[in-house]
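The values are calculated or read from the model by the stated rules, or taken from the named source; none is laboratory data. No experiment lies behind these values; they were computed from the predicted model shown. A quick note on method: Cβ atoms are made from the backbone with ideal geometry, for glycine too, and the neighbour counts reach across all protein chains shown. Accessible surface is based on the protein model in full, side chains and every heavy atom, while ligands, DNA and RNA are left aside. Shrake-Rupley method; radii C 1.70, N 1.55, O 1.52, S 1.80 Å.
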Amino acid sequence: MASSHADPLDDTLLNHMAHEAVARYPFCHQARVSLVTRSENATFLVESPSGRYALRIHRPGYHERVDIESELAWLKALHEETDIPVPLALADCDGEHVLTLAAPGGGYRYAVLFHWLEGEMPTACLDPLAFRQLGEITAKLHQHSRNWGRPTSFRRIVWNHETMVGPEAHWGDWRDTPGLSATDAQFIAQAIEQVGQELSVYGGDAERYGLIHSDLRLTNLILHPSGTRVIDFDDCGFGWFMHDLAAAISFEEHHPSAPAWVENWLEGYEQVVPLSAEDRAILPALFVQRRVQLTAWTGSHAQTDMVRSLGPDWLEHTVRLCRRYLDGKNWPIGCA
């Protein structure tokens, strides 16, 4: 049975919609449109005589128009008020930044066209020092978030313990993950319960919880000689600021270099914003919460190339990291 968290349209139909969307931008006349990736949404590369652009077609049931407009408002503010390179949305021939497209078979999809940010996407083989720069960038994002006067109409997704790992979580229920045994599910459930208790004590005051990127991982960075660029704010919303560190090592929490990545990220972050002992102490809970959130995502997005690339032992590592967290002797990251 198809997941309610996945777009039911196939690549051919989405490609047809992409061409319809591009036709509404005069500067994209005679553009070449090609699918780049399908994850939460479908992203297309648009190549025209005027330049290169990224077209994002949203899946149904995730964000409404006001949520997308709020994302674009934060991107515009970041562009105007910081030195962080971020993608900017472009208006169509009617001056609209968020398009509403009729979907085959009924319903609709929202679409946004962005400037394409040139550069290379990093991989898990990158120099750990790159995480120091990522930490600095993340701290600057958090600084802006804390100080920015959001529009009164601003609305974004809420990332709390229930919406990440609860039965009705935004990315699905981790309990529905294919291949999860009853014994392994017990370990994850115990870990999640403990995480919830720790986060309840940690709290959500304005210094600890606010507007974050929430998915600032390797695949959402673009390396360029002029500096690292940040893309894909589609999941930005309200969550714990330190969650952005947990997100930075998404899908790679079990990598041997994960501890070095984390230490470099923390060093870079504290070049901009100091962290309290409580901020550091909550990290193991956030690492586990993110890993289980991603486990739910792998179950509800099993058809994606990302999930197919994870390998057969990824779920086994999830359980191992949860058991390591419950043991309490070491951070639940790395391979040992």
task: Convert each backbone phi in the stretch 53-63 into a coupling constant with the Karplus relation 6.51 cos²θ - 1.76 cosθ + 1.60 (shift: θ = phi - 60°), then list the ³J(HN,Hα) values in order as whole Hz, x for Gly and Pro.
output: 9, 10, 9, 10, 9, 6, 6, x, x, 10, 10
- prompt: What accessible surface, in Å², does a 1.4 Å probe find on Ile84, ignoring ligands, DNA and RNA and rounding to the nearest 10?
  reply: 10 Å²
- prompt: For the chain, what is the calculated [θ] at 222 nm in deg cm²/dmol (nearest 500), taking -39500 (n - 2.57) for each run of four or more DSSP H residues and dividing by its residue count?
  reply: -12000 deg cm²/dmol
- prompt: Over all distinct Cα pairs, what is the inverse of the mean 1/r for the chain, reported as the Kirkwood hydrodynamic radius in Å?
  reply: 20.7 Å
statement: Quick calc, His224 & Thr12: beta-carbon distance into FRET formula, R0 35 Å, rounding 0.05, result 0.60
statement: In this structure, the FRET efficiency calculated for Arg52 and Glu267 from their beta-carbon separation, with R0 = 41 Å, to the nearest 0.05, is 0.75
- prompt: Cα axis of helix 130-147 to longest principal axis of the chain: angle in degrees, 0 to 90, nearest 10?
  reply: 80 degrees
task: Would you mind pulling out the separation of the Cα centroids of the stretch 1-69 and the stretch 90-114, in Å?
output: 9 Å
Heavy atoms of Asp232 accessible to a 1.4 Å probe, total area in Å² rounded to 10: 60 Å²
- request: At 1.4 Å probe size, with every protein chain present, just tell me what the per residue accessible area of the chain comes to in Å².
  value: 44 Å²
- prompt: Which value, in Å² rounded to 10, gives the accessible area of Val307 with a 1.4 Å probe and all protein chains present?
  reply: 30 Å²
message: Going 7 Å from the Cα of Glu81 along its beta-carbon direction, which residues of the stretch 136-164 have the amide nitrogen within less than 11 Å of the resulting point?
response: 143-151
field: Column: log10 I(q)/I(0), Debye, Cα scatterers of the stretch 72-113, q = 0.19, 0.21, 0.31, 0.35 Å⁻¹
entry: -0.65, -0.73, -1.02, -1.11
message: Under 10 Å, Cα contacts only: if you run a Gaussian network model on the chain, which one of Leu13, Leu283, Leu245 comes out with the highest mean-square fluctuation?
response: Leu13
- prompt: Hey, got a sec? Which GluC sites (Glu not before Pro) in the stretch 1-68 land in a DSSP loop and have at most 16 other Cβ atoms within 10 Å?
  reply: Glu64
message: Just to be sure I follow: if Rg is taken over the C-alpha atoms of the stretch 94-239 and Rh is the Kirkwood radius over the same atoms, what is Rg/Rh?
response: 1.01
- prompt: How big is the stretch 37-174 on each of its three principal axes, counting only the C-alpha atoms and giving the largest first in Å?
  reply: 48, 48, 37
Accessible area of the chain belonging to carbon and sulfur atoms, whole % at 1.4 Å probe: 52 percent
query: Rg(Cα) of the stretch 174-224 divided by 2.2 N^0.38 Å?
result: 1.66
task: From largest accessible area down, sort Cys335, Cys322; use a 1.4 Å probe on the protein chains.
output: Cys335, Cys322
message: Taking loop as defined by DSSP and a crowding limit of 13 other beta carbons within 10 Å, which trypsin sites (Lys or Arg not before Pro) in the stretch 261-336 fit?
response: Lys329
message: On a 1.4 Å probe surface of the protein chains, which of Met17, Met306 comes out largest in accessible area, and what is the full order?
response: Met306, Met17
Relative contact order [Cα under 8 Å, 6+ residues apart], the chain, whole percent: 19 percent
task: Please go through the stretch 151-247 and write out the GluC sites (Glu not before Pro) that DSSP classes as loop and that have at most 14 other C-beta atoms within 10 Å.
output: Glu168, Glu207
- prompt: Per residue and in cubic angstrom, what volume does the convex hull of the Cα atoms of the stretch 186-283 have?
  reply: 129 Å³
task: Would you work out if the stretch 1-109 is rounded, prolate or oblate? Take a ≥ b ≥ c from the square roots of the eigenvalues of the alpha-carbon gyration tensor; rounded if a/c is under 1.5, else prolate when a/b is larger than b/c, oblate otherwise.
output: oblate
- prompt: Which far-off residues, 5 or more places away or on another chain, put their amide H under 5 Å from the one on Trp331, with H placed in the peptide plane?
  reply: none
